[in-house]
Amino acid sequence: MNEHFQNQDEALMERVRLTCQKVAPLWPLSHFVAVNPFVGFVDQRFARVAESFQRIQKAQVVLPRDWFSAKYASGAIGHEDVRAAVDEASPEVVESFAAEGEALSVERLVALLNESGAVDEAFEQSCAFSAYMDSREGTQWQHIIREEVAKWCAAYDDEGQSSWKFPWKDLCLYNGWKEAASIDRNPELNGLVGFRQFVADLPDEPEAVVARAVETLQVPDNRIESLVYRILMTLPGWAGHLRYKDRERELRGESGSSLLQLLAILLSYDLALFDCHGKDKDRLLGWQRHLEEAITEDESQPISFELAQRIVWQAALEHAFAERLRHSVRPDPASTATGGRPEVQAVFCIDVRSEVFRRALESTGANIQTIGFAGFFGVPIDHKVPGLGGSQARCPALLAPPIRTSDCMAGLEASEFDQLTFQRVDARESKRTWKRFKEAASSCFTFVETIGLSYGVELVKDAFGLGGKQESEQGAPDLLDTLRLEARSDLAEGILRGLGLLHNFARVVLFCGHGCATRNNPYASGLDCGACGGHAGDANARLAAALLNQPDVRAELAGRNIPIPEDTVFIGGLHNTTTDAVRLFDDSRADPNVIGKLRDSLDQAGVLCATERAARLGHAAEQPDVVDAVRARSRDWSQVRPEWALAGNAAFIVAPRAWTAGADLEGRAFLHEYSADTDPEGAVLENILAGPLVVASWINLQYYASATDNAHFGSGHKSIHNVVGGVGVALGNEYDLRPGLPFQSVYDGEKLVHEPLRLHTCVAAEPEVIDAILGRQAHVRQLVENGWVHLFALGADGRLWSQRQSDGSWAHADHRAAV
């Protein structure tokens, strides 16, 4: 970028970059992570964002009134729930009712529910010049431009799926597109005369193209951010993926411009179209009127009346859930008192699927204490698997992992490790060569005719789940860099303080990560551990256990007043959430009798858990082979729903397990162990609210949006998914990537299985402690005060039920009546 341009337009570029950050990132399929689709708007009120998405993208953030009508008729929403929602209605809702001359009351709301009325169809088109031309003259420029740009994005960002490589991948996206588009005749065949020369004459800096577009298209200064965002939303999937790439660089202290480059590419087509058709006086005047009228950002106007009604009903549904949750959190001073030493302490991820398994494990009668903790177990690693290339960030998406690790290091010399890596890379390249031969134009037909029948046996095996691969033995993961004793001890202390496990250690402490096992599933990583960045949690679990078994670390921890008994052994494990089988690692140092009983208890819990999940998956609980039927889904390549994953999630409980141990939370709650007694300064709680809570809210709002409007926020029907470049999926021959979750992840074919509720966060701390944390954590405060997350203080003793309001006050309820 030349100095003149930098001095002249830096302010414009800063506005553009800030607007780009409003786009929700879209992780690639290799490590798909659930993300809040509204992440760029949490600084705004829920109702305002719902109105904006409805107007700009025609996307529905709240379900239709018919759905709430059925819930009210069934009794799932009661009269008192509606009354509470009316009493606590947001200012935006109150203003909308007042603007219509309507009284906001229970009676009127119920009467309106039965009146006919469609969802408000007000929709503002993109303010791109191509959209203006389409609306004025009935052309298809938006479709043509989207298809062209998506084509080049897919070619540039291909991760090995395509046999033919994009020849300019060594350049940035914009410059690679510029080289390709300057020789592509397709736009000219569609009527964009002189396009190749126009592209060749464009500046080499994408920033210069954006500045030229703002000037040439005569965009009013107060419309620039709206123009940028709406043009990016013409390809929301690719915009999300490129925002992901930028965000990854930003986490590591670098700057990213991939999304800005996409903006420059999209604007280049508009500039070319304007150059051809925008000089006509009538068109130019019409375009200027379009820019003024197509964008309305006046927040003084009330939200639509129909949307306001649905928001009240959404609040009523959430009030009904909150009341049920209030009766499920039951503090019992006797149960929280320190008892005898448990034989096993099993640390599970806070994932809602772990709630089901923990409850089943506790019901076996074994002397096992279960604990909930973020599934990366406090070990944020940049993990290499020999032969796979690159590394995997096995930690929450909020972090850049500082610790480099690798599989299969233990017991291997460097030369042996390099040889293993070489063998795996060689095998991978052989597969790619074979794939290229099968798909090449000169050999594909001959290949099918001569060798195709030999694949019949494998197809039969896959169809009936036969001959599946056995689990291979894995060498223990290890550090790639030497960490000093102080750093290792700090890491170990952070793990134990996060767990609240500072004394009364069991003889065996199990860190049990989780992962999935599915076949023919592009979204397989979405079933893995979100806290591990869309990967299984076994490496983190084993590293945490190995760290806490190191004698020098234990000696240092004893000096920090955390003495670990000599007979305590830490081990790792992996819970397969699709089959509910648990595999243990590195348990040879533990007491064989304890390990034997632990394996028996884990097997029993697996059967109980699979049986409970069977009903939701459509299997009759009384059928004799119900567990086998559930587990067979992991081997069925035709299965669109191997498990329900986190469908149903609605609560995040930060409290001692004893407070919820007697409740069936139906796999709907994230459970994080916490006791204010071991955290007098609130430092542990602050880490929980700033980290795991934010990740849980991302998951919750991803499921929420995929359920309320799967066409916009989800990825549609799995049966027509088309994997694009190994990056994401498109529906059939569509050009854009699909964000969010598949339809089958939230819907069973007859009804929504995921009931869209905003996350209810219950914290075992006093309101003033939480207020102090929110004062330091602005993002979390925005989530709460703008209505994206409901926050309840339970008090340090669990005898409080107080909800934080949007103005920062607390509304108290008599929790003693519930317990």
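Summary of values
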quantity: Residues whose placed amide H lies under 5 Å from that of Cys529, excluding near-sequence neighbours; calculated: Gly534, His535, Ala536, Gly537
quantity: From phi via Karplus (6.51, -1.76, 1.60), per-residue ³J(HN,Hα) for segment 516-533 in Hz, x at Gly/Pro; calculated: 10, 9, 9, 10, 6, 10, x, 9, 4, 5, x, 8, 7, 7, x, 5, 9, x
quantity: Alpha carbon centroid spacing (whole Å) that separates segment 336-396 from segment 216-269; calculated: 39
quantity: Under 5 Å, built H, 5+ apart or other chain: amide partners of Val569; calculated: Val508, Val509
quantity: Calculated Rg and Dmax of segment 177-318 using C-alpha coordinates, Å; calculated: 19.1, 59
quantity: Semi-axes of the equivalent ellipsoid for segment 474-537, Cα gyration tensor, largest first, Å; calculated: 29, 17, 12
quantity: Rounded accessible area per residue of the chain, 1.4 Å, Å²; calculated: 42
quantity: Average projected area [Cα convex hull, the chain], square nanometres; calculated: 38.3
quantity: Percent accessible area from carbon and sulfur atoms, the chain, protein chains only, probe 1.4 Å; calculated: 51
quantity: For Ala346, residues with placed amide H under 5 Å, excluding near neighbours; calculated: Gln369, Thr370, Ile371, Leu510
quantity: Cut-off 16 Å, label 7 Å out along Cα→Cβ of Ala70, residues of segment 737-761 by amide N; calculated: 744, 746-757
quantity: Residue-by-residue Karplus 3J(HN,Hα) for segment 95-103, coefficients 6.51, -1.76, 1.60, Hz, glycine and proline x; calculated: 4, 5, 5, 5, 5, 8, x, 9, 8
quantity: Ranked packing of 362-371, 171-180, most packed first, by mean Cβ within 10 Å; calculated: 171-180, 362-371
quantity: Cα shape, segment 742-819, gyration tensor, a/c 1.5 rule; calculated: oblate
quantity: Local electrostatic count at Ala128 - Lys and Arg +1, Asp and Glu -1, tallied over other residues with Cβ under 11 Å; calculated: 0
quantity: Using θ = phi - 60° and Karplus 6.51 cos²θ - 1.76 cosθ + 1.60, couplings along segment 499-505 (whole Hz; Gly, Pro as x); calculated: 7, x, 9, 10, 7, 6, 6
quantity: Listed pairs Lys178/Lys245; Lys178/Lys384; Lys22/Lys279 exceeding 31 Å between Cα atoms; calculated: Lys178/Lys384; Lys22/Lys279
quantity: Relative packing of peptides 33-41, 478-486, 14-22, 794-802 - highest average C-beta neighbours within 10 Å first; calculated: 33-41, 794-802, 14-22, 478-486
quantity: Global form of segment 593-719, assessed from the alpha-carbon gyration tensor, a/c cut-off 1.5; calculated: oblate
quantity: Inter-centroid distance (Cα atoms) of segment 711-768 relative to segment 479-538, Å; calculated: 26
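The values are calculated or read from the model by the stated rules, or taken from the named source; none is laboratory data. Quantities reported herein were computed from a predicted structural model and do not represent experimental measurements. Note: ideal-geometry Cβ built from the backbone for every residue, glycine included; neighbour counts use all protein chains shown. Please note that ligands, DNA and RNA were not included when accessible areas were found on the heavy atoms of the full protein model with its side chains. Shrake-Rupley method; radii C 1.70, N 1.55, O 1.52, S 1.80 Å.
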